[in-house]
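Undergrad: Pasting a structure here, questions to come.
Values quoted throughout were computed directly from the atomic coordinates according to the rules given, and no laboratory measurement underlies them. Computed from a predicted model, the values in this text were never measured in an experiment. As a convention, Cβ positions derive from the backbone with ideal geometry for all residues, glycine included, and neighbour counts pool all protein chains shown.
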Amino acid sequence: MFDWSFTLEILPVLARAAIVTIEATLAGFALAAPLGLVLAILRMVPGPYVAPAVIAVIEFIRSTPLVIQIFYLYFVILPVLHMTPSAFTAGVFALGIHYATYCSEVYRAGLENIPRGQWEASIALNLSTYRTFRDVILPQAIPPVVPALGNYLIALFKETPLLAAISALELMSVAKSIGSDTFRYNEPITLVGVFFLAMSLVSAALVRLVEYRLNRRHR
């Protein structure tokens, strides 16, 4: 039976853990969004070395499970580099790097959608590569891909329970700890589902708001 008094008792604990989940999501996406743009631009570098190497890295990361990447980063790569960050920090880096590869494909679609004439006009005006991207290409390429980036933000948010694999104290990890201490899993897991549903709906609404404002600005 569902115990409402127990639910109210554990609600503050899970609410604090939900804040950690939100922090992990925002920090991971703050890494994924710019890094994905860098990867997308590097794919456009002419020559036989840079672009193929970047493509290989992107495909490797996208083709391996995120939970394995979290384990490998935390227990293998970082110790080899003599770095000992917290489980939360390592998890954020793993989430950010993983989703940067997906964001890079979104950015690539936006960049490839820019008409060739825009590039040629920038060359004719003697604009540097940096100014071409900053003032001409990116302002046209970014707004159309915001919905897809927003989808990956929500997907990243729903992947944060994987951080429990390295004992990061996010929402799912705390719920499992409550369940193992009290032998009651119904209430904490149900609350986790409610928290994720509510925060996903809020995130989707915010993404639609950003998309609407960008579309109005570029009309």
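Undergrad: Within segment 50-91, count every residue that is aliphatic (A, V, I, L, M), closer than 19 Å to ALA24 by Cβ and in contact with a helix residue (DSSP H, G or I) (Cβ under 8 Å, 6 or more places away or on another chain).
TA: The number of residues fulfilling the criteria is 8.
Undergrad: Working only within segment 135-166, note down all residues that are closer than 27 Å to HIS98 by Cβ, charged (D, E, K, R) and over 19 Å from the mean Cα position of the chain (by Cα). Please lay out each step first, then the result.
TA: If we filter segment 135-166 for residues that are closer than 27 Å to HIS98 by Cβ, which is where we start, we get 137-138, 141-166.
Retained after the next criterion (residues that are charged (D, E, K, R)): 158-159.
Within segment 135-166, no residue meets the criteria.
Undergrad: Would you point out which residue out of ARG43, ARG116, ARG16 is surrounded by 13 or more Cβ atoms within 10 Å (Cβ to Cβ) and of a type in the set (D, E, K, R)?
TA: Working: ARG116 fails: surrounded by 13 or more Cβ atoms within 10 Å (Cβ to Cβ); ARG16 fails: surrounded by 13 or more Cβ atoms within 10 Å (Cβ to Cβ).
None of the other options fit; the residue is ARG43.
Undergrad: Show the residue pairs that are 6+ apart or on different chains and have beta-carbon atoms under 7 Å apart, the first residue being within segment 168-190 and touching a residue at least 12 places away in the same chain (Cβ under 8 Å) and part of a helix (DSSP H, G or I), the second being loosely packed, with under 15 Cβ neighbours inside 10 Å and of a type in the set (S, T, N, Q).
TA: The qualifying pairs are SER173/SER167.
Undergrad: May I ask you to list pairs of residues, at least six apart or on different chains, whose Cβ atoms are under 8 Å apart, with the first in segment 105-122 being in contact (Cβ under 8 Å) with a residue 24 or more places away in the chain and within 22 Å of ASN151 (Cβ to Cβ) and the second being of a type in the set (S, T, N, Q) and in a helix (DSSP H, G or I)?
TA: Cβ pairs passing all conditions: ILE114/GLN140.
Undergrad: Output the residues belonging to segment 120-143 that are in contact with a helix residue (DSSP H, G or I) (Cβ under 6 Å, 6 or more places away or on another chain), under 28 Å from ALA204 (Cα atoms) and surrounded by fewer than 18 Cβ atoms within 10 Å (Cβ to Cβ).
TA: Selection gives PRO143 alone.
Undergrad: Would you please list the contacts, defined by Cβ atoms under 6 Å and residues six or more apart or on different chains, that run from a residue in segment 70-92 that is on the phi < 0 side of the Ramachandran plot to a residue that is surrounded by fewer than 16 Cβ atoms within 10 Å (Cβ to Cβ) and outside any helix (DSSP H, G or I)?
TA: ALA87/SER167
Undergrad: While we're on this one: Which of the residues belonging to segment 73-91 are in a helix (DSSP H, G or I), among the aliphatic types (A, V, I, L, M) and more than 15 Å from SER173 (Cα to Cα)?
TA: Result: LEU73, VAL76, ILE77, LEU78, VAL80, ALA90.
Undergrad: Looking only at segment 123-136, which residues are among the polar types (S, T, N, Q) and over 18 Å from ALA40 (Cβ atoms)?
TA: Step one: filter segment 123-136 for residues among the polar types (S, T, N, Q), giving 126, 128-129, 132.
Listed by number, the residues that qualify are ASN126, SER128.
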